[in-house]
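Student: Have a look at this one before I ask anything.
The values are calculated or read from the model by the stated rules, or taken from the named source; none is laboratory data. Just so you know, these numbers come straight off a predicted model, no measurement behind them. All Cβ positions, glycine included, derive from the backbone under ideal geometry; neighbour counts span all protein chains shown. The area values use the complete protein model at the heavy-atom level, side chains included, leaving out ligands, DNA and RNA. Shrake-Rupley method; radii C 1.70, N 1.55, O 1.52, S 1.80 Å.
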Amino acid sequence: MLSDRFGRTIDYLRISVTDRCDLRCTYCIPKGFKGFEEPSNWLTFDEITRVVAAFSRLGTRRFRLTGGEPLLRRNLPALAASLSALEGVDDLSLTTNATQLSLQAQALRDAGVNRINVSLDSLRDDCVSRITGSDCLDKVLSGLASASQVGFDSIKINMVPMQGVNDGDIEAMVAFCIEHGFILRLIEAMPMGSTGQHTAGLDLQKLLAQLQPRFGLLPSDQPLGGGPARYWRTPDGRFTLGLITPISQHFCASCNRVRLSVDGTLYMCLGQEERFELRPLLRAGCSDAELEAAIRDAIELKPEKHEFLEQPTRIVRFMSMTGG
């Protein structure tokens, strides 16, 4: 197994297949931003498959396709099929804004994508338009309906509660998830780039104290993925709530993941600058052994923790540049 210098096992790789997105969420990509990576620098599907195969040989078992918006990458189901066929890939999942999902849900499921997370911050048209810069709610709901029909192992809704924006929409989202059998995950906004640094997020510890008596939530130890969410369930099991709290209760001591950006850069932490570029090695024709050695070297760079609280303006790159 891969492990870093702090004894943490690295068994989860998030793979950004594009830094482009068809939305401009206020906490992610600023309006008018044009600093996207040149397509010639994107890892090809063959290069991504080589990296994933190397990670799997080193013991990594969980992989997630992300962006930007991953469904904008042409022929994504073909990549998913190549990855899911690799020995050692036990779990292949996807995070999407779902605007393109109704067209690709069946192909992704057939290709071996097990689970899917959909970013959705409100069920109100005006609020969604304000956050995303697009009148896209109907497309997202259509995508969710298609995902339900094709039978993914789980569908999670990722919601970023923001003060004065969508903080009044949480109970409506809970009801929506109960109705459709979705898992709701609330995520604290992270101060990444100018967008994230100007987002007024909520302290989810305080929010949990309000939701627990309202819905009778009990702690759950049921494994629901490889990420950092902590889960609660209603006594009847009809609703599951996950909280991701990088600010109010960070989880750095158990961090098990690194991120591969679309240009082949491995980022060790969202809140630090440590990185390792794999693309030059891949395009120089490195051997499998050399690639595995490079990955081990990269993991040694992983820092002990982020410093979002201590240095909230430090990370100037946007989330889409790192990989979601």
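Student: Of Glu69, Glu273, Glu290, which has the most accessible area and how do the rest follow, probe 1.4 Å?
Tutor: Glu290, Glu273, Glu69
Student: Also: Give me the number: length gained by fully extending Cys252 to Ala107, i.e. 0.36 nm times residue separation minus the C-alpha to C-alpha distance, one decimal in nm.
Tutor: 48.7 nm
Student: Further question: At 1.4 Å probe size, with no ligands or nucleic acids counted, give the accessible surface of Lys206 in Å², nearest ten.
Tutor: 140 Å²
Student: Of the labelled options [x] 0.94; [y] 1.06; [z] 0.96, which one gives Rg/Rh (Cα atoms, Kirkwood Rh) as computed for this structure?
Tutor: [x]
Student: Pull the list of the chain cysteines that no other Cys approaches to under 4.7 Å, Cβ to Cβ.
Tutor: Result for the chain is Cys21, Cys127, Cys136, Cys177, Cys252, Cys255, Cys269, Cys286, no neighbouring Cys Cβ within the cutoff.
Student: Can you bin the stretch 202-258 into rounded, prolate or oblate? Criterion: square roots of the alpha carbon gyration tensor eigenvalues sorted a ≥ b ≥ c, rounded for a/c under 1.5, prolate for a/b above b/c, oblate for the rest.
Tutor: oblate
Student: Out of Glu47, Glu179, Glu292, any idea which swings most in a Gaussian network model of the chain, alpha carbons joined below 10 Å?
Tutor: Of Glu47, Glu179, Glu292, the Gaussian network model singles out Glu179 as fluctuating most.
Student: Now for a different question. What is the sum of charges, Lys and Arg at +1 and Asp and Glu at -1, for the other residues whose Cβ falls under 14 Å from the Cβ of Gly143?
Tutor: 0
Student: So for the chain, taking the charge dipole from beta-carbon charges (+1 Lys/Arg, -1 Asp/Glu), which of His180, Gly59, Leu72 sits furthest toward the positive end?
Tutor: In the chain, that residue is His180.
Student: So, counting K/R as plus one and D/E as minus one, what does the shell of residues with Cβ under 14 Å around Gly285 add up to?
Tutor: The answer is -1.
Student: Between Asp126 and Ile178, what length in nm is gained on full extension when 0.36 nm per residue of separation is reduced by their alpha carbon distance?
Tutor: The Asp126-Ile178 span can extend by a further 16.4 nm.
Student: Something else now. Can you tell which of Val165, Val258, Val51 shows the greatest fluctuation in a Gaussian network model of the chain with Cα springs below 10 Å?
Tutor: Comparing Val165, Val258, Val51 in a Gaussian network model of the chain, the most mobile one is Val165.
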